[in-house]
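Read through the structure below, which is laid out as structure tokens, and then see the notes.
The values are calculated or read from the model by the stated rules, or taken from the named source; none is laboratory data. All figures in this text were calculated on a predicted structure; none of them were measured in a lab. Methodologically, a virtual Cβ is constructed for each residue, glycine included, from the backbone with ideal geometry; neighbour enumeration extends over all protein chains shown.
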Amino acid sequence: MSSLELSPATVWAASRNEESAEPPSSTTVYELRVYHTFPGKLPDLLARFRDHTDKLFARHGMKSLAYWVPTDEPTKSDTLVYILEHPSREAAKTNWKSFEDDPEWKAVREKTEAPGKIVDKVDSTYMSLTDFSKPLR
């Protein structure tokens with residue numbers, strides 16, 4: 001691993017903060033999302049997230065906690081994993097609807113997919129923190 005690469009465990013640890021000012025409410029949900037790209041398209045997806053998607057998520061009430069790429073094959077070259085925080089499951093539904101309807105998102109998706117579709121499949125899992133989880137920042 002080069003000095004510029006961070007393991008998922010390191011990134012996750014950096015996203016945690018023992019002295020979080022406010023704990024999440026009992027309705028807070030976390031969404032684990034796994035994007036599987038078409039061959040050769042992971043760099044395009046990473047650029048789209050870096051340059052556009054992450055900012056659009058924030059605009060629509062979705063808090064990005066961290067992003068990862070696997071370090072081992074077979075998923076190393078075609079997978080992005082990330083976690084979003086939503087105030088509630090209902091808010092997640094509303095947030096995604098507003099994001100999908102956003103004209104800027106539609107334009108970004110159209111432009112970045114002009115050479116061909118990027119994402120083959122998306123897996124989404126909603127989660128809640130256990131009572132023994134450390135606070136997240």
Filter region 102-137 down to the residues that are at pLDDT 95 or above and of a type in the set (F, W, Y), then identify the one that is farthest from V34 (Cα to Cα).
-> W105
Name the residues in region 74-93 that are closer than 15 Å to F57 by Cβ, surrounded by 15 or more Cβ atoms within 10 Å (Cβ to Cβ) and not aliphatic (A, V, I, L, M), would you?
-> Y82, E85, H86, P87
Out of the residues in region 71-116 that are part of a loop (DSSP other than H, G, I, E, B) and in contact with a Ser or Thr (Cβ under 9 Å, 6 or more places away or on another chain), which is nearest to K55 (Cα to Cα)?
-> P87
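So which of P43, P39, P70, P74 ends up being over 11 Å from the mean Cα position of the chain (by Cα) and either among the charged types (D, E, K, R) or closer than 24 Å to S133 by Cβ (or both)?
Of P43, P39, P70, P74, the one residue that is over 11 Å from the mean Cα position of the chain (by Cα) and either among the charged types (D, E, K, R) or closer than 24 Å to S133 by Cβ (or both) is P70.
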